[in-house]
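Enquirer: My questions all concern the structure below.
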Amino acid sequence: MRIRLVVAACIVVSGCDLAPGYQVPKTEQPAAFKETGYWIQTTPQNALPRQLWWTLYGDSVLNGLEDQIQVANPTLAQAMARYDAARGYLERAQSSTLPTLAIGGHTDADKQSANRPLRSANQPTYYGDNAVAAGLSWDLDLWGRIRNQVAAGQAEAQASFADLEGVRLSLQAQLADDYLQLRGWDAQARLLENAVGIYRKALDLTNARHDKGIASGLDVGRAQAQYADAQAQLADVKARRALLEHALASLAGRSASEFAIAVHVTDFTIPNIPAGVPSTLLQRRPDIAAAERLVAATNAGIGVARAAFYPDISLSALGGFQNTGNDSLFAAPNAFWALGPSVALTLFDNGQHEGQLAVAKAVNANAIAAYRGTVLKAFQDVEDNLALLNRLAEAADARNASVVAATRSQDLALALYRNGALGFLDVVVAQTTALQAQQAALSIQTRRLQASVGLMHALGGGWTSKQMPDFAQISPPSSDVTDRRL
């Protein structure tokens, strides 16, 4: 009867939870993004392609490389392993919410010392000891220690999942950024190859004029210097491209020694990315989701620390059979059992529990600050890339006009030089100006593409917090007072 009363009392108070009531930390959210421009969709949307945002660039090579990240990237494999470990820790914590059953036994042949202290004369020197028993134990978790450990484990596993998705998104964005930059170097290489051809012809023309006594040796020297400089720039561009190709190999999980991307000049179109409204950013960034889940985990950790101040009460049962080997082990006289609750309470620990609680509160405060910092950084990332996209779009328009004018001047200067109306210095200046304008235009185009990738990354790449796993595999005991706070 006493055991029944103890169990009933435990069930009544099993809904107590010493963790603070959890709320997502409040953060300031702007009504709209500041750095908007004419190319951004003005209607608020949240419609990036789910997990396949890079397909907006319409490049099959890029698509194939992104697929390789999923199966071969070692950094992503590490993140997956950390996520699996977090799920394992959660399963371990959940196991404590239900009773533990164990079974064991032994069979021994024993000999007592003839000089054993206090040995009576009728005790045998040789005897057997055979036993088999099963034990059941259950921590009643009156103060929510285990339930808060499970809640913390669930939140930490969710944070690990969000971290995994954040790593995946970062790798995807890094690969896309490197690939677009590599294609930018391909365009720069073609431009320089054309320039080398033009400068070779200009050098041949200058040499011919010099042989006829029309041009000076100074003109020949200038033509040679210009030709050699273009060759040096071309070699530098090829070196930069090679480094990006090696980086792409590592991202795709391939050896750089056995990896190659064919040179190709692609005319990419900058996608029109729906930035949406700022408030949705909190649900679209995996790093924000991870930071928020860590706040929830540390909040539950406070409940675990508070529960240490209260008695730990558990129920245990033990039953089995034991004999000395002279008769059947499973005979009724050989049975034994024990059943009852146990209580443990620390009366004095010299401030250990107070210190643990202080640590738990400080860890929670740190997680809250980290969450707010992550949110602020997210808004900054979006605004940064919006600003780049809009300002670079304006710069591209101006630079394209500069390319047209510089190319016209280059053609005119070379024609006048052939006719003897200009010195070669004017040709060099016109050609150098045209090349620099074209290089700058290509550089701006590549930077715009990289900024679009940055914006994709900043907006979460189509990920939403709805993809977060629930992990509610084992529910805590139900009670009418589950939500009660002590």
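The values are calculated or read from the model by the stated rules, or taken from the named source; none is laboratory data. If you're wondering where the values come from, they're calculated on a predicted model, not measured in any experiment. Please note: Cβ atoms are built from the backbone with ideal geometry, for glycine as well, and neighbour counts cover all protein chains shown. Protein only, heavy atoms only, side chains kept; ligands, DNA and RNA dropped before computing areas. Shrake-Rupley method; radii C 1.70, N 1.55, O 1.52, S 1.80 Å.
Enquirer: When all protein chains stay in place, what accessible area (Å², nearest 10, 1.4 Å probe) is found for Thr324?
Expert: 70 Å²
Enquirer: Could you go through segment 203-214 in sequence order and give the Karplus-derived ³J(HN,Hα) for each residue, using 6.51 cos²θ - 1.76 cosθ + 1.60 with θ = phi - 60°, rounded to whole Hz, and x for Gly and Pro?
Expert: Those phi angles translate into 5, 5, 5, 5, 4, 5, 5, 5, 4, 8, x, 8 Hz.
Enquirer: Can I ask one more? Sorted from largest down, what three extents in whole angstroms do the Cα atoms of the chain have along their principal axes?
Expert: The Cα atoms of the chain stretch 134, 57, 42 Å along their principal axes.
Enquirer: Which shape class, rounded, prolate or oblate, goes with segment 253-304 when its Cα gyration tensor gives a ≥ b ≥ c as root eigenvalues, a/c under 1.5 marks rounded, and past that a/b bigger than b/c marks prolate?
Expert: oblate
Enquirer: Please label the shape of segment 382-473 as rounded, prolate or oblate, based on the square roots a ≥ b ≥ c of the eigenvalues of the alpha-carbon gyration tensor (a/c under 1.5 means rounded; beyond that, a/b larger than b/c means prolate, else oblate).
Expert: prolate
Enquirer: Further question: Ordering Met456, Met80, Met468 by accessible area with a probe of 1.4 Å, largest first, what comes out?
Expert: From most accessible down to least: Met80, Met468, Met456.
Enquirer: Quick one: helix 74-95 against the long Cα principal axis of the chain, what's the angle to the nearest 10°, folded into 0 to 90?
Expert: Roughly 20 degrees between the two axes.
Enquirer: Something else about it: With an 8 Å Cα cut-off and a minimum separation of 6 or more residues, compute the relative contact order for the chain in percent.
Expert: After rounding, I find 30 percent.
Enquirer: Alpha carbon centre of segment 52-99 versus segment 233-288: separation in Å?
Expert: That distance is 20 Å.
Enquirer: Next question. Take Leu243 and Ala344, extend 7 Å from each Cα along the Cα→Cβ direction, and tell me the distance between the two endpoints in nm.
Expert: 5.9 nm
Enquirer: Using Cα pairs under 8 angstrom and six or more residues apart, how large is the relative contact order of segment 150-309, in percent?
Expert: This gives 45 percent for segment 150-309.
Enquirer: How far is helix 60-72 tilted off the main Cα axis of the chain, in degrees rounded to 10, range 0 to 90?
Expert: Once rounded, one gets 30 degrees.
Enquirer: Quick one: accessible surface of Phe336, probe radius 1.4 Å, all protein chains present, in square angstrom to the nearest 10.
Expert: Probe radius 1.4 Å; accessible area of Phe336 about 70 Å².
Enquirer: Taking the full set of protein chains and a 1.4 angstrom probe, give the accessible area of Val277 in square angstrom, rounded to the nearest 10.
Expert: 50 Å²
Enquirer: Here's another thing I want to ask about it. Using the Karplus equation 6.51 cos²θ - 1.76 cosθ + 1.60 (θ = phi - 60°), what ³J(HN,Hα) coupling, rounded to whole Hz, does each residue of segment 247-259 give in order, writing x for Gly and Pro?
Expert: Once θ is set to phi - 60°, the couplings for segment 247-259 become 5, 5, 4, 5, 4, 7, x, 10, 6, 4, 6, 10, 10 Hz.
Enquirer: Please list the non-local residues whose amide H lies under 5 Å from the amide H of Gly276, H modeled 1.01 Å from N, same-chain partners needing a gap of 5 or more.
Expert: Close amide H contacts, sequence-distant or interchain: Gln45.
Enquirer: Which percent of the accessible heavy-atom area of segment 287-411 goes to carbon and sulfur, probe 1.4 angstrom?
Expert: So the carbon and sulfur contribution to the accessible surface is 61 percent.
Enquirer: Skipping prolines and chain starts, which residues have an amide H placed within reach, meaning under 5 Å, of the one on Leu18, given they are 5 or more residues away or on another chain?
Expert: none
Enquirer: If you look at just the Cα atoms of segment 75-216, how large are its Rg and its Dmax in Å?
Expert: Considering segment 75-216 through its Cα atoms, Rg and Dmax are 40.1, 134 Å.
Enquirer: Label-point separation (nm) for Ser95 and Thr107, each offset 7 Å from Cα along Cα-to-Cβ?
Expert: 2.9 nm
Enquirer: Sum -39500 (n - 2.57) across every DSSP H segment of at least 4 residues in the chain, then divide by the residue count to get the 222 nm mean residue ellipticity, nearest 500.
Expert: My calculation for the chain gives -20500 deg cm²/dmol from helical runs alone.
Enquirer: By how many degrees, 0 to 90 and rounded to 10, does the Cα axis of helix 2-13 deviate from the longest principal axis of the chain?
Expert: For 2-13 against the chain, the angle is about 30 degrees.
Enquirer: Now a separate question. Largest first, how would Asp411, Asp186 line up by accessible area (1.4 Å probe)?
Expert: Asp411, Asp186
Enquirer: Say a site is exposed when it is one of the trypsin sites (Lys or Arg not before Pro), sits in a DSSP loop, and has at most 10 other Cβ atoms within 10 Å; what is then the longest site-free stretch of the chain?
Expert: 213-486
Enquirer: Which whole-Hz ³J(HN,Hα) couplings does segment 121-131 yield from phi under the Karplus relation 6.51 cos²θ - 1.76 cosθ + 1.60, θ = phi - 60°, glycine and proline marked x?
Expert: Whole-Hz 3J(HN,Hα) from phi for segment 121-131: 6, 8, 7, x, 6, 10, 7, x, 9, 10, 8.
Enquirer: With a 1.4 Å probe and all protein chains in place, put Val427, Val132 in order of accessible area, largest first.
Expert: Largest accessible area first, the list is Val132, Val427.
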